[in-house]
Amino acid sequence: MKLNSFGVCFVIGLSALSLGQGTPRGQKMELPPELKEIFAKAKNLRFSGTRTVTFVRAGRVDSHNEYVTKDGPNLRIEFAAGSPFAGQIIVETASERKHYFPDKNEIHEFPSFGKKQFEGFRTNFRGSRSGKTNFGSSNGGVIAGLKCTKYQLSDSQNNPMVQIFVEPRSGMMVKRVMFDPTGNIAGSYEFVSVTLEPKIQPGAFKIVRKGAVVIRPIDDLRRECKELGIPSILLAKKSGYQLENVYVRDIKGSKVVVQSYGKEDSRITVFLTRSQLNASDLKRYNRGELTSYVRTLNCLTLVLMGDQTEDQLRILSSQMSE
């Protein structure tokens, strides 16, 4: 069974579930000093451990175990036997991320996700339209043998948005919980065992397999567009954004190619279809303050959605072509 686009986002820290909590446009977000210190420590963290990942889709709870090894910007994730993802391996360095699928003998290559390790928490910290969130810390108990501090972000009405449990001396994030708008848990991960400063096998952060087919996001875009009989329109590299993920969704009865782009702490999602499409049709993708811009190009509808101003999205839309 192949780990889908939702799962890929989930195993890097549940960031996909938090996209919609935006900051007032044009403003920079400031984290509390204690979180800045923790996140700085975590960048150089070296550990190995086992965690249980749980996410909820349409009321159904799915869980699986992962074996995680990290050394600074380098990351390796393997999936336990019995998991629907068993046999798949993810490795990441500062420059790239590779995901091996044994059933198809494919290696999917992506830009590095490392800078997004805490993106979900930072994004949620930006708050609601009013810019107000409640931040608090408390005793997080002992998780995987580590004494933790619990940090929680809530909206202006004190509805929980995200919780993280951190061992403060190392910056190790031992547990993370994301909540949906109704207050229910949308997803979580929790380490059941952790070894700090382990001995790591040389080559642990490489995937070299002769005969495997290498697939990049641009290859996914070309394949999906070819199947739908539409041109492969994408954002130019000069924009500074990298294509990170491509998939197809049914929206209002039509097939829509969804492209995800990123650079530093900025994100753009592009929706491409032959059908008529507007921002109101994409409510499920915009849970907060994201801006949208609609453009028609070669009889196709393009909707850009992101944390930029409408004028910035308009300029970016002019940089989209085959």
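For residue 177, the conditions (1) part of a strand (DSSP E or B); (2) surrounded by fewer than 19 Cβ atoms within 10 Å (Cβ to Cβ) all hold with the exception of (2).
The set of residues in the stretch 219-237 being closer than 15 Å to residue 271 by Cα and either part of a helix (DSSP H, G or I) or of a type in the set (Gly, Ala, Ser) (or both) consists of 220, 221, 222, 224, 225, 228, 232. Scanning the stretch 270-281 for residues that are surrounded by fewer than 21 Cβ atoms within 10 Å (Cβ to Cβ) and not basic (Lys, Arg), we see that the one that is modelled with the highest pLDDT is 275.
For the stretch 84-99, a residue qualifies if it is over 16 Å from the mean Cα position of the chain (by Cα) and surrounded by 18 or more Cβ atoms within 10 Å (Cβ to Cβ), and the qualifying residues are 85, 88, 89. When the test is whether a residue is in a loop (DSSP other than H, G, I, E, B), touching a residue at least 40 places away in the same chain (Cβ under 8 Å) and either farther than 30 Å from residue 146 by Cβ or touching a strand residue (DSSP E or B) at 6+ places or on another chain (Cβ under 6 Å) (or both), residue 188 does not pass it.
Checked against the criterion of being surrounded by 14 or more Cβ atoms within 10 Å (Cβ to Cβ) and either of a type in the set (Gly, Ala, Ser) or modelled with pLDDT under 85 (or both), the candidates 42, 58 yield just one match: 42. Would it be correct to say that residue 52 is in the same structural domain as residue 178 (by TED's automatic domain parsing), modelled with pLDDT under 85 and of a type in the set (Ser, Thr, Tyr)? When the stated conditions are applied, residue 52 does not pass them. Among the candidates 295, 267, 249, the residue that is of a type in the set (D, E, K, R) and either assigned to a loop (DSSP other than H, G, I, E, B) or under 28 Å from residue 87 (Cβ atoms) (or both) is uniquely 249. Screening residue 244 against (1) assigned to a strand (DSSP E or B); (2) out of contact with any helix residue (DSSP H, G or I) (no Cβ under 9 Å at 6 or more places or on another chain); (3) surrounded by 19 or more Cβ atoms within 10 Å (Cβ to Cβ) leaves a single unmet condition, (2).
Checking each residue in the stretch 251-266 for being farther than 16 Å from residue 97 by Cβ and either in contact with a Leu (Cβ under 8 Å, 6 or more places away or on another chain) or at pLDDT 90 or above (or both) picks out 251, 252, 254, 255, 256, 257, 258, 259.
The values are calculated or read from the model by the stated rules, or taken from the named source; none is laboratory data. Please read all numbers here as calculations on a predicted model, not as lab measurements. Every residue, glycine as well, gets a Cβ built from its backbone with ideal geometry; the counts of neighbours run over all protein chains shown.
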